[in-house]
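The values are calculated or read from the model by the stated rules, or taken from the named source; none is laboratory data. If you're wondering where the values come from, they're calculated on a predicted model, not measured in any experiment. Using ideal geometry, Cβ is built from the backbone for each residue, glycine included, and neighbour counts are taken over all protein chains shown. Note: areas computed on protein heavy atoms with side chains; ligands, DNA, RNA excluded. Shrake-Rupley method; radii C 1.70, N 1.55, O 1.52, S 1.80 Å.
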Amino acid sequence: MRSSKFTESQIVSILNEAEAGRQVIEVCRKHSISSPTFYKWKAKYGGLGVSELKRLKELESENARLKRMFADMALENTALRDVIEKKL
């Protein structure tokens, strides 16, 4: 998946411009983004501040790390059960 050329804080500032009363078309033209991109960002980041966005990213990374840990533990558990069944 291609990464955005905008950082999260830039995306939030672009959304704040539109919330301040500028038309979406003008904001999109100014920042060279398409309208669907703007509305996708609005759905994902709408109403968030920069600090809240950083916290969201931290939680997402922690969640991904915990999912990997769970997958590893489940794999080890399955392997140990197979070894125990073979011994019996």
Using the Karplus curve 6.51 cos²θ - 1.76 cosθ + 1.60 with θ = phi - 60°, what ³J(HN,Hα) values do you get for each residue of the stretch 26-42, in whole Hz, with x for Gly and Pro? 5, 5, 5, 5, 4, 9, 6, 10, 8, 4, x, 5, 4, 6, 5, 5, 5
Of [x] 116; [y] 151; [z] 95, which one was derived for volume of the Cα convex hull per residue in Å³ from the structure shown? [x]
Solvent-accessible area of THR37 with every protein chain in place, 1.4 Å probe, in Å² to the nearest 10: 40 Å²
To the nearest 20 debye, the stretch 3-88 has a Cα-centred charge dipole, built from +1 on Lys and Arg Cβ and -1 on Asp and Glu Cβ, of 200 debye
Computed E for LYS54/ILE84 - FRET, C-beta separation, R0 41 angstrom, nearest 0.05: 0.35
Reachable lysines from LYS30, criterion Cα separation under 20 angstrom, eight or more residues apart if same chain: LYS5, LYS40, LYS42
Please name which of SER9, THR78, ILE25 has its Cα lying farthest along the dipole of the chain towards the positive end, using unit charges on Cβ (Lys, Arg +1; Asp, Glu -1) and the Cα centre as origin. ILE25
Karplus-derived 3J(HN,Hα) from phi for the stretch 59-75 (6.51 cos²θ - 1.76 cosθ + 1.60, θ = phi - 60°), whole Hz, x at Gly and Pro, runs 5, 5, 5, 5, 4, 5, 5, 5, 5, 5, 4, 4, 4, 5, 5, 5, 5
Which of SER32, SER9 is most accessible, then next, and so on - probe 1.4 Å: SER32, SER9
Calculate the length of the line joining the C-alpha centroid of the stretch 5-30 to that of the stretch 36-88, in whole Å. 29 Å
Exposure of SER51 as accessible area (Å², to 10), given a probe of 1.4 Å and all protein chains: 90 Å²
Using modelled backbone amide H atoms (1.01 Å from N, in-plane), which distant-in-sequence or interchain residues come within less than 5 Å of PHE6's amide H? none
Once you keep just the Cα pairs under 8 angstrom separated by 6 or more residues, what percentage relative contact order results for the chain? 27 percent
